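As structure tokens, the structure follows; a few thoughts come after it.
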Amino acid sequence: MDQQLFVKMALQGWNTQVARAEKYFNALSEADFQKTVAPGKNRIIYLYGHLTSYHGLLSETLGLGEAFYPELAPVFLRSPDGTAVNAYPVEKLKQYWHEVHARLTELFNALPAEDWFKRHNAMTDEDFADDPTRNRLSVLLSRTNHIAYHFGQLVLV
């Protein structure tokens, strides 16, 4: 099969999950963002920042440029939900979400199909030689599944 077809399918999946999550977040009130996904678990605002941060790092992981908003990682990736999250108002996270995904769309659409099958920056050349399935496209598929996982938590709220 043609690499272009695989890439198109993967990007459609990514775009679908991003759009579903964006629609969900855009429909929430300010108060809704403070709800937890379950008693004692993360607030919706934390998951919003978590996904935004994780996706912001994707350009660097894929070797497509610098990370977007790396300052979010200590709060939304390396720490559990807590008071540090409150430093990021919902409107600011919405702006970051939009900018990250608009830029990723540009980068993804500009990447030739064959480049999706190259090594990503989170592995060595030796590791890639041992397992070429761990490529840029596999990272995109993993991140797509990650959105779906958290979206499943969100819809339970």
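Observations
- Residue identified as open to solvent by 60 Å² or more (accessible area, probe 1.4 Å) and closer than 17 Å to G152 by Cβ among Y46, Y54, Y24: Y54
- Within segment 101-154, the set of residues being open to solvent by 60 Å² or more (accessible area, probe 1.4 Å), in a loop (DSSP other than H, G, I, E, B) and closer than 15 Å to L57 by Cα comprises N121, A122.
- Identity of the residue in segment 71-86, open to solvent by 20 Å² or more (accessible area, probe 1.4 Å) and in contact with a helix residue (DSSP H, G or I) (Cβ under 7 Å, 6 or more places away or on another chain), that ends up nearest to T124 (Cα to Cα): L77
- Residue check, F68 at pLDDT 95 or above, within 23 Å of A148 (Cβ to Cβ) and not in a helix (DSSP H, G or I): yes
Here's the yes/no breakdown for (1) under 23 Å from L11 (Cα atoms); (2) at pLDDT 95 or above:
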| residue | (1), (2) |
| --- | --- |
| A110 | yes, yes |
| F117 | yes, yes |
| N121 | yes, no |
| F128 | yes, no |
| Y149 | yes, yes |
| V157 | no, no |
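- Being in contact (Cβ under 8 Å) with a residue 12 or more places away in the chain and open to solvent by 30 Å² or more (accessible area, probe 1.4 Å) is true of A38.
The values are calculated or read from the model by the stated rules, or taken from the named source; none is laboratory data. Predicted, not measured: the structure shown is a model, and the values here were computed from it. Cβ atoms come from the backbone with ideal geometry, glycine included; neighbour counts cover every protein chain shown. For accessibility, only protein heavy atoms count, side chains too; no ligands or nucleic acids. Shrake-Rupley method; radii C 1.70, N 1.55, O 1.52, S 1.80 Å.
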